[in-house]
Amino acid sequence: MKDDLLQEPRPMFKGEYKLNKVNNKFEPHYSDFKRALFRYLVTLPSLVAVIIMTVVIMLKFFELQSLFEYATSNGIFPELFGLTNFIPKMVYANVISFLNSVYKKMCHWLNDKENYREQTTHENHLIIKIVIFQFINSYLSLFYIAFYLHDIALLKEQLYAIFISRQLTGNFKEAIVPYVMESLKQIKKIDKANKKHDSEKPINTELTNMVDKLKRYVIIYNEQNEIETNSYPCDEDSIELNQPEIESLMPKVR
């Protein structure tokens with residue numbers, strides 16, 4: 001007990017500040033009774049509820065599997081080289097992956113609410129919760145098929161479905177999702193640049209129109225004064241005006 005008191009409390013530990021008689025420092029303290037109360041009234045019932053829900057979901061998918069097999073054997077659904085009967089297994093495998101992620105977040109929340117003082121104790125209890133939750137969710141169907149149904153062929157198909165779906169889901173999350181997110185970011189950047197360019201375009205168009213008008217004024221002025229073209233080129237593409245000339249020809253704004 002004294003060794004635990006000598007350890008620094010983890011950053012997320014919450015409690016009432018009291019004097020630690022071992023190191024003579026004020027540190028947060030949390031009642032073991034409150035922790036045990038939450039553990040037995042919230043954590044344990046949550047675990048039981050998860051087990052019941054996992055069993056119900058598993059049995060419902062086995063009923064769905066039987067329905068697909070009946071439909072394919074009676075010609076209601078096409079077999080598609082046996083892939084039709086594989087659909088419920090693949091769906092159930094993806095449901096297992098989804099529930100694992102949900103259970104993991106649930107374990108983190110429960111463990112944070114139990115509010116352990118030491119980091120090692122916090123991590124140990126978190127590992128226990130995650131292992132129990134995900135082990136039951138992931139492998140209960142395999143134990144059910146192997147030891148209750150005694151169907152080796154169905155067990156092989158279920159294993160194929162779980163591992164193939166996990167591999168595909170992992171590749172999708174690690175490769176496709178980051179690529180899509182990065183592509184969306186690039187599209188947003190391009191759209192933002194195009195909007196900025198469109199907002200600046202009227203100003204550039206106005207300046208271009210003003211320069212064209214000035215060029216036409218010079219051509220008209222040269223024609224009125226009968227200036228020879230070879231001496232003073234009046235071609236629109238060859239006219240070059242410096243800054244003072246442009247400013248002198250611009251109309252005065254009042």
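The values are calculated or read from the model by the stated rules, or taken from the named source; none is laboratory data. The structure presented is a predicted model; accordingly, all values stated were derived computationally and were not measured. When we count neighbours, we look across all protein chains shown, and the Cβ atoms used for this are built from the backbone with ideal geometry, even at glycine. Side chains included, ligands, DNA and RNA excluded: accessible areas come from the protein's heavy atoms. Shrake-Rupley method; radii C 1.70, N 1.55, O 1.52, S 1.80 Å.
See the values below:
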quantity	calculated
Tally of residues being of a type in the set (Phe, Trp, Tyr) and out of contact with any helix residue (DSSP H, G or I) (no Cβ under 8 Å at 6 or more places or on another chain) across segment 95-134	2
Out of Phe86, Phe172, Phe98, sole residue that is among the aromatic types (Phe, Trp, Tyr), in contact (Cβ under 8 Å) with a residue 24 or more places away in the chain and part of a helix (DSSP H, G or I)	Phe86
Cβ pairs under 6 Å, 6+ apart, first in segment 1-14 and open to solvent by less than 100 Å² (accessible area, probe 1.4 Å) and of a type in the set (S, T, N, Q), second assigned to a loop (DSSP other than H, G, I, E, B) and at pLDDT 75 or above	Gln7/Glu118
Residues of segment 74-100 classified as hydroxyl-bearing (Ser, Thr, Tyr) and either open to solvent by 50 Å² or more (accessible area, probe 1.4 Å) or at pLDDT below 80 (or both), total	1
